[in-house]
Each structure stands twice: as C-alpha cells, then as structure tokens.
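Nothing in this text is a laboratory measurement; each read-out follows from the coordinates by a stated rule. This structure is a prediction, so every number in the text was calculated from the model and none was measured. Don't worry about glycine lacking a Cβ; one is built from the backbone with ideal geometry, like all the others, and counts go over all protein chains shown.
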Amino acid sequence: MDLLLQTLVNGILIGGVYLIITLGFNLAFGVLGVIDFAVGEWVMLGGFTGYWLNHYLGLDPLLFLPVTFVVFVIVGALVYPMLARLLKGRQHARLLMVFVFTFGLSTLLKGGALTAWGFNQRAMDSFFSARSVELAGVYMPQIRLVAFFFGVLITVAVAWMLYRTRFGLSVRAVAQDEGKARLMGVNTNRVAALVYALYAGLTGMAGVLIGVIYTVTPQMGVQYTIFAFFIAVLAGLGYVPGVLLAALLLGLIQAFVAVYIGSAYSLLIVFLSLYLILLVAPRGILNRGRA
Amino acid sequence: MVTSRGFPRFLALVAAIAATMLFITSAQAQDKRDFYKVGVITSLSGAMVYGGNVTRRGYDLWEQQVNKNGGIEVGGKKYKVKLVYADAQSNPQSAADAVQRMISRDNVDFILGPYASSSTLGAAPITERYKVPMITGSAESPSIWARHFKYTFGAVPAVDRTAGEIMTVLAKQRPEIKTVSIIGMNDPFSKSTAEALRDGAKKAGFKVLSYDITPPDADMTPLISKARSLKPDVLAVGGEPNNHIAVVKAMESLSYKPKGLVMHYGVNTPDFQKAVGKAANYVIGATVWDPSLPYKDAVFGTAQNYVKLSETRYNVKPDYTQAASSAAGEAFAAALNTADLPPPLSAADKVKLVDALENVRIKTFYGTIGFEKQGPWYHDNAELKPIVTQMIDGKQVLVGPGDLGTQKIVYPQPSGQ
Amino acid sequence: MSDLQAKDLHTGYGRVEIVSGVSISAALGQVTCIFGPNGSGKSTLLKAVAGAQPTWRGDVVYRDTSIRDQPTEERILGGIATMPQGGSVFADLSVDENLRIGGHTIRDRTQLRQRVAEIYDRFPALAKKRRARGSDLSGGQQMLVSVGQLLMTDPQFLLLDEPSAGLAPSVVKEVFQMLRELKEAGKGILMVEQNVRDALQIADQIYILVQGKLVYHAPRADIPDLKTLMKVYMQV
C-alpha cells in the first residue's frame, strides 16, 4: 500500500519534470507549426546557465530561474528571425528546411557545449536537494515538489495568458489559421517571434530545474527532445491544456511500469500506449490538437 | 549508354581505374614503415564518452612511454608506435563501421579496443572477418568471451569473476547481512554486473529481495522506492559512474540511505565523487587494480609511478580501466617480441600475433596478464584477482578479500536504514 | 471618386507571377465585382489590396495615398477590412472570441466590448451563441459571424472573397441583402465572386480577370444583362 502511494507520488512528480519541458515546446509548435529539434539543447544550455551561475556566485540555483528566463527569451528572440527566414522564404520544402535548421542547431549546440565544457557530469545542489517531505510513509523529494508546483504555476500562467489576454487570443488565432489572423490585423510575425522567445525562456528555466534534480551534461538534451515530442503528440500538438494531462500520464506510466512490471519495459509500454491513444484519438488525449 | 564511338573511351576509363587500383594496392603491399600503426577504437562522443576518454588516456600513456623508451623491441631493433583513432560513438553499429574503416583505409597492424562491452561486441565480428588482433582495455561483459572471438582479447577479467567477490567478502566480514536488492542498468556490461552481484549474493547465502534491470536514462525514484519498501540490508547497483550519480541523487532526494550500498563500477572516479559529494562515502565496490599494489614493469615503473605519469599529463588519478588499457599495449609488445614480427604486419603476421598473444604471460605495473585459451572466458585475462573496496573520506580503501584488505568493511554505514 | 485603387499591380507566389499588371478602382457606396474563372488571380489580387500578399510591382492607392507598403493592420486602421474565402471564423474559438479577434486592432478594452455588444444588437442570433465554438455553428451562422468580424472595426471598405461560396441558396440571398444594405449605408465593397447571377443584382461596376490580366471592364451605366455578360464571359 505504501509502495502504491509512493509510486503514484513518484509518477506525478516525474510528470512535473516533463510538464516544464513540454509546455513551451507545444506552444511553439502550435504557432510555428514546426518541430524544434533543438528543444533538448535549450534544456541543456539552461542547465549549464544555472550551473555556472551557481558555480561562480554560489547562490541557490533556483534563484537564477528569472535570470535564465530573461537570457533565453533574448536568445529565442535572436534565433527566431533565422527560423522565420526559412519559414517565410520562397523555397520549396520549407518545413524540411526548418527541420534541417533546428537539427543542425541542435548538433552545433551539443558539439559546442562538449568542446567548451567537456563530457563530465556536473551536479548542482539547491537548498531543497537531498531533502524530502514525509507524509504517512510516503516520501516526496522537496526539489521535485518545487519543480512540480513551478510547472503547474507556469502552466496556469500560460493558460491565463492564452485564454484571458488579447495577446493570448491572437496567439490562438495564429495557431489555428495564420492567414485569417493576418487579415484580422494580427502581426503574425511578431506573435510567432514572441512565442518562440517565450518558449526558449520557459525551456531554459526547465533546464535549471532538471539540472538540479538530475545532473548537467552536454549530452543530456537528446532524451528531453524525445520526451517533449512524445508528450506534445500525446497532448495534442499545439494544445496547451493537454500538456498537463499528458505529462502526468507519462510520468505515471513510467513509475508504475518500473515498479510493477519491470523498468526495462517502460519505454516499450510508453510507446505502445502512445500508439494506442493516437489510434483512438489522433488529435491527442483530449482530441483538441492538430491532427 | 555505350555507343560504338564511346566504347574505346569507356575501355580506356576502365583501364585507368584498374591501373589506379593496382597502384594503390601495390603501394599498400609495399608499405615499408619502420613503426607500428596501432588502431585505437573507442567512444570519443556519445553517452560513453567519459569511459572512452578513460581508455584513450590509457592507450596514449602507453604510446608516450613506449616511444620514450625508443619503441617496441623486435629482433634486436626498436620500432616506435603510432596511434590512429576512430570514434565508436558509444554505439555498437558505429563501432563496427569505425573498425571497418580503420582496417581497410589505415591498414593498422593491430587494434586497441573500445570502451564498454556493447561497442566491443559491435567491433569484434569485424576484426574477426579481417583477421586483425584486438585487445580491449575495458570490456568486462562475459558475453564477449562466451562467443569465442579468435581475434579479440581482454585485459580486464570479466565482471562475473569480480563483482560476485563483493558479496563473498560482505558475507565473511558481516554475517549480520541477510538480504540484498539489486538494480542493474540495461546495457551488456551493467547487466552482467547485476547478474554477477545476484549470483554472488545467492552463493554467499543472502536472500535477493528484488532484481530490476532499468534503462540507464530512466528516472530512478520508482526503483529506489521499491527497494526501500523491501528493506534490504544491502542495495547493490550495476552501472557506469553516471548511472550511479543518478541513483545516488534519487536516493538522497527520497532521504533514503541503505545500511550497505554496493556500486560497481566507478565510484572512485572524480565525476562521481564531485557530483554526489559526501554521499559517495561508504560506497562499496570492486577493482582489479589499485596503486597501492606492489606491481611494476620496465615501461611504466611501479603502479605508484603510473599514477604520477597520469597526473602529470592529465591531472587525473587513473582507475583500473585506464591501467588495463595501458597494460593492453604491453601485452601486444610482448607478443610481437616473442613472435619476432617487425612492422608492417602482413596478413600472415597478424595470425602469428594471435598465436603469440595466447601464450603471453607478463608481469606489468597493472599485474599479470595472461589470456584464457579455452572455456567460457576465452581470451580474457585470467590472472587478476578481484579486490573489494570501500570509499572512506574520499579515498578508496581496500577491504578484502583476506590479506588484501587493509581494514574491515564499515557496515552499517552511519545513519543507514 | 475612386477611393481604392490597384494600379498596374503585379504579384504572385514563390517565383510564379499570378497577377500581371492589373488596374482596378472601387468607390464608396458602390459594389465593385471581380469575376473570372478559377485560377485567374482574382483572390490573389484581393489579398494584395488587403495587404496579405506583397505587391511586387505597381501600386495600391487609398484616398490618394499609396498603401502598398502598409501592413494589413494599418490598412484595417485606415478602414479596409477583409473577409477571406470561406469566411473568417476560427473553428476553435467561441463566437465571442471570434468577434474580439475581428476587432484585434481595437486596443481599448471598453471600446472593444462596446463594439462586440453592437454586433450582437445587429445580429441577435449571434448573441444567443456567444459561447459556442466556431465549428459548432451552421453555415449561415458562420457567415453572420464573419460579417460581424468584418464590421467590428467599422470599416469604410469591405473586401470580400466569394462571400456566397458553399452557402445554401436562402442564405446567399440573405448575404446579398446584407451587402446591399451596407452599400446603401455608404460602404464601399470590392468583392470577388463566382456567383455572377446574384452578384449582378447588386453590382455597380464589374471587372473580368483571366490569367492574371484584366479582359473586361464595365462601369455602372454599361453593365449588361446576365445573358450578354455570360456571352462575354464565355468568349474570353
């Protein structure tokens, strides 16, 4: 019984980690209509930003979340024009070009990080690391609780932005039909640029949290690219509220499979369930994303 | 289309290509070098780049020392060695491709093999096909030796002959230990380690409460929670240093510390020490080599001297994998010397080199090297005995078996549950 | 008199020119229709006037000023609103949100709310459906929402791309009735249509476009009856 509850908690908290990576990614996909294969590398660079700031300033890495956000918003704003050039260019196969661009960017960033910082694993500790909250025999790692609530908080903030603000309405309009939105007087290029910057900022912050929970290495990105893609598909591509559910579902599947079936099968079962869910609901679990 | 007019031209082209190929092959055959061209295949990128660099340091140090002494002595003359590198990219298929390229393009005389058993298993069938001898300084999975590759040798004893020893020593020194839980990462080496830990535990009379194999990238909290709920006396983990970091971080975040924690391999690596800090204390492991052991040879001097050489060049304390990688080169040198094979090696020479390797038995700073000629550990180094270690205050202390131990295992570890 | 003009306009997609040197003009209080077979470039021309499509060569002139380099947003603020083919309803937005995005260029929140309320007053059928999603509306209701979106900014000129396409005949009638009322209220309407028969009923001026070139123009006084026009249409 204790183990069951503990596994439930573990799963939800793993889901919290996924939530913070995927939120911005799914939003960016919704608006730009392209997969950014560099998502894992933004996580990695976010992790290193937190690590180096922590290393040189000695303050708790979580205190650097706002700085990291700002830095990556700027980075995103600088990268976006290159993406936009490809997206709006006159070439054929523009989506393929974007794919190649983000894939190349990912390789470049990973290679650059490897050259600059080497292959070593680096760990950084927060005040909340190596502490847990015990409740009726169930242990909740404090740092993961922090990450989880942070994830929920930014999900609520992003949802509020999308459903309660003028900018959010234009974001949703652009995501659904860029052409129509433009005829309504929406500056679609500006919306896309801001969304990409926001996505980069959120993903950079995710990197700091992931770096504190696990470790930071130049090669950590790949698996998060896969998970982000996976959850975005499960959530319904471009449908932000689905992300919360999909992230939790993935976390729970992983935790329960590891404990009750065998961890070796977890990826297999995760992909099998994705396949089955998409068979039933091709637009994601809530059937609201892009087909 | 070959037209009647174009046909002579076509013939001329064919002739030109044939001539070029002939020239290239004859040039290769006449490759008159006075040094050994040694292929190094190891992971210089990808997930195993850490270990890849450990082996590379070992191979590079051997090259440095051998050339400093004038080279390998064969027939009264000394021949220098030159290493050429190929990247195994941390996966078996790339390892196979890289070896293939290295053999056909660089025409290497012999090969110093990859880091990790998975890459070795990828590379071995290729060296087998082209009949080029290879010694790996790191692969420890028994699954390699069970396949009886004629051209592949290993400098480190298979993990099923070493990791189990931890359990034997634990049982002997701490009879109060009754139960263990085991977690292993899903790669050939780590899985073999976990199996060895499990079999060793059973042999030592422990009850194995759980045995889980997990993908190395997975979040570790679910399995740690599971182990904790079973309340084992000892938690044992088979994995690479980065996996152990993930496990320790997960344990710490859940405020869990078992009474005894076994981790094989790599708890004495700087990465692990730095990443987990104090949590590295009291972790129990195994090794086949330690700088404090009284081994020595002509190339590196004493084991202590080897440490100094490594620290001078890399500012890194060597572990047994790095030492084994350096010693692998010495095994080749000894075989070349006894078989009297100056460079470059012909195809027939390479077969002779394998025969010579089978009969090598040399004492090095790393201990004795001598390869099995038959049985389940075919071509693996049979001469080294496992030593059980425990990290105490940032130092790797030998705790057994028998006289090899300088002190008893600390158990239960302070505040272990 | 001619308040909105395209002058020798060239545009296209990728490297392919779709519209080659077309000049048209439209005036307030009039319905200007552009006819032409599929692929003749009439929608593309309309987009260029709306600012959703760059003008490669030539000019777009509004109230004697070139607006060729103005983004859509500024053209809307200047009084030119556009309804694309198939209407402008966003399937996943509610009726309320659809109207608000129609008034995207209105920055003042109170004013925006007021405009939405005015549209509901004008189309009471929509007021009952505020929360309904675009995709849950009937074709007629969607057209109402589209017109509502169009009117949110109270524009002077309405650019319409085939407003009758895909609608039931009874709804088409309503739409054209609505357009007639707008014309009588002094709005200028520039529209592309396939439904020549109904469009002729309200047209003050017609153009025919074929393969990106203007082949026929009839001002108000010279508009022939349907039969004659169809003959012309068939010949070109």
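Summary of values
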{"quantity": "Among C:24-36, A:128-140, A:204-216, the order from most to least packed when residues are scored by Cβ within 10 Å on average", "calculated": "A:204-216, C:24-36, A:128-140"}
{"quantity": "Between 0 and 90°, nearest 10: helix C:169-184 axis offset from chain C longest Cα axis", "calculated": "80 degrees"}
{"quantity": "Ellipsoid semi-axes in whole angstrom, largest first, where each is sqrt(5λ) of the Cα gyration tensor of the protein assembly as shown", "calculated": "70, 37, 21"}
{"quantity": "On Cα atoms only, tilt of C:109-122 relative to the major axis of chain C in degrees", "calculated": "80 degrees"}
{"quantity": "Per-selection Kirkwood Rh - the stretch C:1-111 (Cα, Å, 1 d.p.)", "calculated": "15.3 Å"}
{"quantity": "Loop trypsin sites (Lys or Arg not before Pro), the stretch B:285-383, which have at most 14 other Cβ atoms in a 10 Å radius of their Cβ (DSSP)", "calculated": "B:LYS373"}
{"quantity": "Share antiparallel - DSSP beta bridges, the protein assembly as shown, percent rounded to 5", "calculated": "45 percent"}
{"quantity": "In Hz, Karplus ³J(HN,Hα) per residue of the stretch A:152-157 (6.51, -1.76, 1.60; θ = phi - 60°; x = Gly, Pro)", "calculated": "5, 4, 6, 4, 4, 5"}
{"quantity": "Chain B: most fluctuating residue of B:GLU311, B:GLU358, B:GLU372 per GNM, C-alpha cutoff 10 Å", "calculated": "B:GLU311"}
{"quantity": "Dipole of chain C, positive end: most advanced residue of C:LEU45, C:ALA199, C:SER88 [Cβ charges, Cα centre]", "calculated": "C:SER88"}
{"quantity": "Chain C, helix-only ellipticity at 222 nm - DSSP H runs n ≥ 4, -39,500 (n - 2.57), divided by all residues, nearest 500", "calculated": "-11000 deg cm²/dmol"}
{"quantity": "Whole-Å distance, taken between Cα centres, linking the stretch B:342-414 and the stretch A:237-289", "calculated": "46 Å"}
{"quantity": "Choice from C:ASP198, C:ASP161, C:ASP222 with maximal GNM fluctuation in chain C (Cα, 10 Å cutoff)", "calculated": "C:ASP222"}
{"quantity": "Ellipticity estimate at 222 nm from DSSP helix runs (n ≥ 4, -39,500 (n - 2.57)) divided over chain B, nearest 500", "calculated": "-13000 deg cm²/dmol"}
{"quantity": "For chain C: relative contact order, % (alpha-carbon pairs under 8 angstrom, 6 or more apart)", "calculated": "29 percent"}
{"quantity": "Amide H partners (placed H, <5 Å) of B:VAL74, local residues excluded", "calculated": "B:TYR79"}
{"quantity": "Equivalent ellipsoid, chain B (semi-axes from 5 times Cα gyration tensor eigenvalues, Å)", "calculated": "44, 25, 18"}
{"quantity": "Helix axis angle, A:188-213 relative to chain A longest principal axis, alpha carbon, degrees", "calculated": "10 degrees"}
{"quantity": "When each of B:LYS37/B:LYS68; C:LYS47/C:LYS227; B:LYS274/B:LYS385; B:LYS78/B:LYS317; A:LYS110/B:LYS37 is checked by Cα-Cα distance, pairs over 25 Å", "calculated": "C:LYS47/C:LYS227; B:LYS274/B:LYS385; B:LYS78/B:LYS317; A:LYS110/B:LYS37"}
{"quantity": "Spatial separation of Cα centroids for the stretch B:264-335 and the stretch B:107-129, in angstrom", "calculated": "23 Å"}
{"quantity": "In order through the stretch A:48-63: 3J(HN,Hα) via Karplus (6.51 cos²θ - 1.76 cosθ + 1.60), integer Hz, x for Gly, Pro", "calculated": "5, 4, x, 4, 5, 4, 4, 5, 8, 9, x, 7, 4, x, 5, 5"}
{"quantity": "Residue mean of other protein chain beta carbons inside 10 Å, B:180-189", "calculated": "1"}
{"quantity": "Cα convex hull volume per residue for the stretch A:2-280 (Å³)", "calculated": "140 Å³"}
{"quantity": "Hz values of 3J(HN,Hα) by residue in the stretch C:190-203 - Karplus curve (6.51, -1.76, 1.60), Gly and Pro given as x", "calculated": "10, 9, 9, 9, 9, 7, 5, 4, 6, 5, 4, 4, 10, 6"}
